Amino acid sequence: MTQYHKSTGRIAISVYDQGIGIPASLKKGGIAFENTKDAILLSMQAGVTDGKGAGNGLWLLKSIIEQGRGSLEITSDGVRYSLIHREDYSSRETFSKSLSLIGGTTLVDFQLDVSQPIELDKVLGPNGFIDLWMEEREEDWDGTIVRLNVAKEADGLGSRIDGSSFRNLVLNVMSSAQTVILDFSSVSIVSLSFADEAIGKLIDTIGFGSFLERIKIEQANETCLTIIQTIISQHPSGQES
C-alpha cells in the first residue's frame, strides 16, 4: 500500500508478507542468531539472505531512510523494530513488542522525504554496485553495447502503451550504453501502433541522426522490417535538440 503526501513531500509505503517471518527465513538460510530482535538486525545487514536473494533489500532500504530523513518499521514474530531519522540527521532506534494475529508474518512500513534528492553513491558506499540487469545484456566488457530482446523485454507488441513502455526502457538503457541493439528474434509481427510509439517517437526524442548512430535493429523478419521502415519514413528528421 502506497500513499504520497503532497503537502509534506513524503511517501509512505507498507508491505505485508504472509510468509514464514524473518527468523524462520534466516534459519532456512543457515544463519544463526539468538532471538527475533537479533534476526531483524541481521536482516538489515548487506549480504544476509535466506539463500534465495542477494540479501541487499532491507539494508538498502535502511540506508536510503537514513539519508532521506524518513522512518522505518519492521515487524516480525511479535517484535517491532523502529527507526526514525530526523531532519537534523539524528536518529533513534527502538524495539517493542507487537501483537500479531498470524505468526510468522512480516510487515515493513516506511516513510521517506522525497522532496530532496537522494545521492545513491552515498547510500551504496564507495564501491557502488553492479547493475546485474544491465550486465546480463551487455555485449562487450565495458558495457557500451547492450542487447535488448524485444520479445522478452516488451510488455506486449500490439498497443501504444506497450510501445511507450518499451521506448522508456530503451531511453533508460541509452543513458549508460552507447549502442543499443534491438533484437527482434522470435518476433513474428508488431503493430504499427507499437512501432510508432517505440521507434517513431524514439526518433522524435533523440533525433534521426542519433537513432542511426546508436540504435541497431537485428534479427527482424521481413514483416517487422516493413513495419519499422514504414514508421521510420514517417519520422525522418527527428526532434531538434
Within the range 214-226, residues being of a type outside the set (A, V, I, L, M, F, W, C), over 17 Å from residue 147 (Cβ atoms) and part of a helix (DSSP H, G or I) number 3
Considering only residues that are free of Cβ contacts under 8 Å to residues at least 24 places away in the same chain and part of a helix (DSSP H, G or I), look in the range 138-160 and name the one that is surrounded by the most Cβ atoms within 10 Å (Cβ to Cβ). 153
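Which of the residues that make up the range 166-205 are in a loop (DSSP other than H, G, I, E, B) and either in contact with a Gly (Cβ under 6 Å, 6 or more places away or on another chain) or among the small types (Gly, Ala, Ser) (or both)? If you could, list the steps in order and put the result at the bottom.
Step one: list which residues in the range 166-205 are in a loop (DSSP other than H, G, I, E, B), which gives 175-178, 184-191.
Within the range 166-205, 175, 176, 177, 185, 186, 188, 191 qualify.
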Where residue 42 falls short, out of the listed (1) in contact (Cβ under 8 Å) with a residue 40 or more places away in the chain; (2) part of a helix (DSSP H, G or I): (1)
With the requirement that a residue be more than 18 Å from residue 213 (Cβ to Cβ) and surrounded by 15 or more Cβ atoms within 10 Å (Cβ to Cβ), what does the range 165-177 give you? 165, 166, 169
In the range 184-214, how many residues are in contact with a Lys or Arg (Cβ under 9 Å, 6 or more places away or on another chain) and among the β-branched types (Val, Ile, Thr)? 3
Among (1) buried (at least 19 other Cβ atoms within 10 Å of the Cβ); (2) over 16 Å from residue 221 (Cβ atoms); (3) more than 22 Å from the chain's Cα centre (by Cα) - the single one residue 184 does not satisfy: (2)
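Answer yes or no as to whether residue 164 is touching a residue at least 40 places away in the same chain (Cβ under 8 Å), out of contact with any Cys (no Cβ under 6 Å at 6 or more places or on another chain), among the polar types (S, T, N, Q) and assigned by TED's automatic domain parsing to the domain that holds residue 207.
Numbers: touching a residue at least 40 places away in the same chain (Cβ under 8 Å): no; out of contact with any Cys (no Cβ under 6 Å at 6 or more places or on another chain): yes; among the polar types (S, T, N, Q): yes; assigned by TED's automatic domain parsing to the domain that holds residue 207: yes.
Here the answer is no, as residue 164 does not meet what is asked.
Would you check if there is a residue in the range 174-184 being among the acidic types (Asp, Glu), more than 22 Å from residue 137 (Cβ to Cβ) and assigned by TED's automatic domain parsing to the domain that holds residue 138? Even if it seems obvious, please write down each step before you answer.
Keep residues of the range 174-184 that are among the acidic types (Asp, Glu), which gives 183.
In the following step, the residues that additionally are more than 22 Å from residue 137 (Cβ to Cβ) were identified as none.
Scanning the range 174-184 turns up no residue that is among the acidic types (Asp, Glu), more than 22 Å from residue 137 (Cβ to Cβ) and assigned by TED's automatic domain parsing to the domain that holds residue 138.
Checking the structure you have, find out if any residue of the range 142-159 is at pLDDT below 85 and either under 19 Å from residue 45 (Cβ atoms) or over 17 Å from the mean Cα position of the chain (by Cα) (or both).
Looking only at the range 142-159, we keep the residues that are at pLDDT below 85, and these are 142-143.
So of that shortlist, the ones also either under 19 Å from residue 45 (Cβ atoms) or over 17 Å from the mean Cα position of the chain (by Cα) (or both) come out as 142-143.
Yes - at least one qualifying residue is present in the range 142-159.
The values are calculated or read from the model by the stated rules, or taken from the named source; none is laboratory data. Owing to the predicted nature of the structure, the values given are computational and were not obtained by experimental measurement. Every residue, glycine as well, gets a Cβ built from its backbone with ideal geometry; the counts of neighbours run over all protein chains shown.
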